[in-house]
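> Pasting a structure here, questions to come.
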Amino acid sequence: MIDIHSHILPGLDDGAGNLSDALEMAQLAASSGIKGIIATPHCNIPGGFHNYWSLSLEDDLRNLQNEINDRNIPLTLYPGQEVFLAPGFMDMLHQGKLITLCNSRYMLVEFDMYESATVAYRKLQQILAEGLVPIVAHPERYRFVHEQKEAIYRMKDLGALLQINRGSLKGAFGIRTKSIANEIISSYQADFIASDAHSQYRRTPYLADVHEVICERISADYGDVLVKINPKKIITDERIYSF
Ligand SMILES: [Fe+2]
């Protein structure tokens with residue numbers, strides 16, 4: 001399995017606080033069958049975490065990989081960001097401050113929780129017009145999706161992809177979010193499930209349980225597509241598989 005959304009890089013955002021936390025997260029991920037993690041620190045949050053792409057971020061990734069290797073943890077890290085689509089994000093993109101996942105065509109994006117549907121669609125279209133493919137992080141958590149479930153189909157029709165959080169399926173963000181996450185999965189509109197891990201204790205880097213449930217309740221093919229096949233296609237920058 002490959003986890004495409006994880007706050008494992010230490011000291012950059014509200015994820016791993018230090019190296020020891022990050023290594024515990026890496027160990028937990030590897031022991032649960034995760035072979036690769038795309039490290040996606042929060043980026044471009046106004047008044048919050050900036051984490052624009054820089055040589056220093058590249059060093060952070062390399063340093064953590066070296067520490068992981070030193071401990072013989074079988075896990076490969078890949079570069080990425082969780083890009084907050086604040087006003088002005090296109091300028092940041094043109095300035096090279098935003099990166100895609102593994103330098104592919106795919107960019108992991110998040111909205112303000114209270115973003116309007118119209119503005120969200122416009123922002124996705126702006127990214128698509130650049131020849132990039134936005135992956136919407138945890139669509140099941142946004143208010144505009146709660147208010148109008150058709151938003152799921154609208155985003156897919158535009159060409160965006162959808163990444164469900166494991167925690168949403170486990171009920172960590174409330175019953176409504178859990179129900180929408182399940183609906184997106186059961187209607188085959190989901191493209192990925194990721195951990196959105198923030199620590200080794202809460203919102204953990206673990207995917208084995210949700211993979212097993214989807215394989216049992218829906219189909220093994222779909223379970224594999226969501227946590228194995230499509231994540232791998234990001235790393236190789238290939239077209240993802242859609243049901
Ligand atoms: Fe996240």
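> Please check: in the Gaussian network model of the chain (C-alpha springs, under 10 Å), which one of Gly15, Gly167, Gly159 has the largest mean-square fluctuation.
Looking only at Gly15, Gly167, Gly159, the largest GNM fluctuation is found for Gly159.
> HN-Hα J couplings of segment 78-90 from phi, Karplus 6.51/-1.76/1.60, θ = phi - 60°, integer Hz, Gly and Pro as x?
Each residue's phi maps through the Karplus curve to give 10, x, x, 8, 9, 8, 7, 8, 7, x, x, 5, 5 Hz.
> I need the P(r) histogram for the chain: all alpha carbon pairs, bin width 5 Å from 0 out to the longest distance, whole percents.
It works out to 1, 7, 15, 20, 21, 18, 11, 5, 1, 0, in whole percents.
> Check the straight Cα-Cα distances from Lys233 and name the lysines below 16 Å, setting aside those fewer than 8 residues away within the same chain.
Counting by Cα, and skipping residues close in sequence, Lys233 has these lysines nearby: Lys35.
> Just need the relative contact order of segment 23-90 here, percent rounded to a whole number, with Cα pairs under 8 Å and 6+ apart. Walk me through the intermediate numbers first.
Numbers: 77 pairs, mean separation 31.8, N = 68.
The normalised contact order for segment 23-90 reaches 47 percent.
> Given a cut-off of under 8 Å on Cα pairs at least six residues apart, what relative contact order in percent is computed for the chain?
Relative CO of the chain lands at 21 percent.
> Rolling a 1.4 Å sphere over the protein heavy atoms, what is the accessible area per residue of segment 39-198, to the nearest Å²? Present the calculation step by step, with values, prior to reporting the outcome.
Values: 6710 Å² over 160 residues.
So segment 39-198 comes to 42 Å² accessible per residue, rounded to a whole number.
> Now for a different question. Cross-link partners among lysines for Lys123, C-alpha distance below 22 Å, same-chain residues fewer than 8 apart left out?
Straight-distance partners of Lys123: Lys97, Lys149, Lys156.
> Additional query: Per the 1.4 Å probe, what fraction of the accessible area of segment 1-114, in percent, lies on carbon and sulfur atoms?
Carbon plus sulfur share of accessible area: 50 percent.
> Within a Cβ distance under 13 Å of Gly167, other residues only, what is the Lys/Arg minus Asp/Glu net charge?
Here the charged neighbours net out to +2.
> Let me ask something else about it. Highest GNM mean-square fluctuation, the chain, Cα pairs closer than 10 Å: which of Met25, Met113, Met155?
Met113
The values are calculated or read from the model by the stated rules, or taken from the named source; none is laboratory data. Note that the structure is a prediction, hence the values are computed from the model and not measured. Neighbour counts are summed over all protein chains in view; Cβ atoms, including those assigned to glycine, are modelled from backbone coordinates with ideal geometry. When the accessible area is computed, the model is the full protein with side chains, heavy atoms only, and any ligands, DNA or RNA have been set aside. Shrake-Rupley method; radii C 1.70, N 1.55, O 1.52, S 1.80 Å.
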